1. Which residue out of 262, 177, 217 is within 27 Å of residue 288 (Cα to Cα), within 24 Å of the chain's Cα centre (by Cα) and in the same structural domain as residue 372 (by TED's automatic domain parsing)?
2. Name the residue, out of 146, 84, 90, that is in contact with a Phe, Trp or Tyr (Cβ under 6 Å, 6 or more places away or on another chain) and not acidic (Asp, Glu).
3. Restricting to the range 166-204, name every residue that is hydroxyl-bearing (Ser, Thr, Tyr) and at pLDDT 95 or above.
4. Any residue at all in the range 301-309 that is within 20 Å of the chain's Cα centre (by Cα) and within 14 Å of the ligand (Cβ to nearest atom)?
5. If you take the residues of the range 222-255 that are in a loop (DSSP other than H, G, I, E, B) and within 13 Å of the ligand (Cβ to nearest atom), which of them is surrounded by the most Cβ atoms within 10 Å (Cβ to Cβ)?
6. Out of all the residues in the range 330-339, which are at pLDDT 95 or above and near the ligand (Cβ under 9 Å from one of its atoms)?
7. Report yes if residue 214 is more than 30 Å from residue 391 (Cα to Cα) and either away from the ligand (no atom under 16 Å from the Cβ) or of a type in the set (Lys, Arg) (or both), otherwise no.
8. Filter the range 311-351 down to the residues that are in contact with a Ser or Thr (Cβ under 6 Å, 6 or more places away or on another chain) and closer than 16 Å to residue 271 by Cβ, then identify the one that is surrounded by the fewest Cβ atoms within 10 Å (Cβ to Cβ).
Amino acid sequence: MEQDKKRQEPERNTNPCPLYRKCGGCQLQNMSYPRQLHWKQERVEKLLGNFHTVSPIIGMENPYHYRNKVQAAFALDRSRKIISGVYQASTHRVVPVESCMIEDKTADRIVLTIRKLMKDFRMEPYNEDTGRGLVRHVLVKRGFASGQVMVVLVTASPILPAKNNFVKALRKVHPEITTILQNVNNRATSMVLGEAEKVLYGPGYIEETLCGCVFRISAKSFYQINPIQTEVLYQKAIEMAGLTGKETVIDAYCGTGTIGLIASKQAGNVIGVELNRDAVRDAIVNAKNNKIKNAYFYCADAGEFMSAMADEGETADVVLMDPPRAGSDEKFLTSLAALAPRRVVYISCNPETQQRDLEFLVRAGYRVEAIQPVDMFPHTNHVETVVQLERSLK
Ligand code: SAH
């Protein structure tokens, strides 16, 4: 049966993107989508299968144009024509991109318009080697549910000549843009955004609806890039948390508070902790805008925060954790074990570091009860997993 199913699936993608090799963003593009899911399932099973059986990965119905955030770099080609696109894998050479099968179509169109306007307005792409030119990157974020669109023009210097006319011209072609910002990045860095930011049009942020809550997205704060699968992921995570309305829940590495705020409707109270100040500010605004009164957010290192909680004799029933790719550090895991919540729901975008952290938690007295992979990043080799752990009674 399994064999038959596999034989029916085309193994190879017969129509890969022409930039497949140069861009390097979609590492699995040579495989058909069902084959990609199979590959990801096997990867998770290999890494986490010893802890528990792995549920079948949840893929996308339509695995295209799912990215709500698009970043473009600019450069001049040999004939001094402005090109925009992505950096060629592990280089700083810009590969020109007209459209991308995983990026939002509106965002791609906006980038092309900006490229054209740059010529009209004589705005040169910034050249890292010579330090000449102005425009380093353009960042576009779009709320799929709200339809709101943010454009961030990242420039090497704060001076943006004819900015009012530029904003006017851009909005004329794209009336769907609801806010435009200028971000100044004058450092030699591979980071896209710099510190200073100026609102050129609109409120300086966009809003998006996710699982019935409204969230503010600013230029700098982290927001999940695949909104369709984020709903699937969060629903799974909250289901695994098994909330009854009474629990104290910690949302560690909470970003703009998304998971915690969605969970707050089914919890006693939620405590979110996050290192990025802008994200915490957004989380507090998000709680207020959704009229959520049982969620509190703190700007701190998640490990230090929980260890302080444990020291003060405070407790939590459930910890939801969603660390960055590097996973959690020993400090976090030690304080988690000291706080000893009954249940931990661990969301991870890197099963390698998750495996390492799960080993620590199992040694500290937790047992894995469920493992659910979700395909948040079709065509790339990234896989997201959510794992439920329960404290064993000692
Ligand atoms: N749960 C959120 C964000 C997950 S991304 C969401 O789904 O939207 C991981 C977040 O961890 C980032 O916002 C990052 O700023 C934060 N972070 C990284 N290291 C941290 C630490 N040591 N303590 C607290 N937060 C941290």
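The values are calculated or read from the model by the stated rules, or taken from the named source; none is laboratory data. Predicted model only: the values in this text are computed from it and were never measured. No Cβ is skipped: glycine too gets one built from the backbone with ideal geometry, and neighbour counts run over all protein chains shown.
1. Values: 177 fails: in the same structural domain as residue 372 (by TED's automatic domain parsing); 217 fails: in the same structural domain as residue 372 (by TED's automatic domain parsing).
The conditions single out 262.
2. Residue meeting the stated conditions: 84.
3. Correct list: 178, 179, 201.
4. Kept after step one, since they are within 20 Å of the chain's Cα centre (by Cα), are these residues of the range 301-309: 301-302.
In the following step, the residues that additionally are within 14 Å of the ligand (Cβ to nearest atom) were identified as 301-302.
The answer is yes; a qualifying residue exists.
5. 254
6. Passing the criteria: only 332.
7. Working: more than 30 Å from residue 391 (Cα to Cα): yes; either away from the ligand (no atom under 16 Å from the Cβ) or of a type in the set (Lys, Arg) (or both): no.
Judged against the criteria, residue 214 is not a match.
8. Step by step, filter the range 311-351, then rank; the result is 317.
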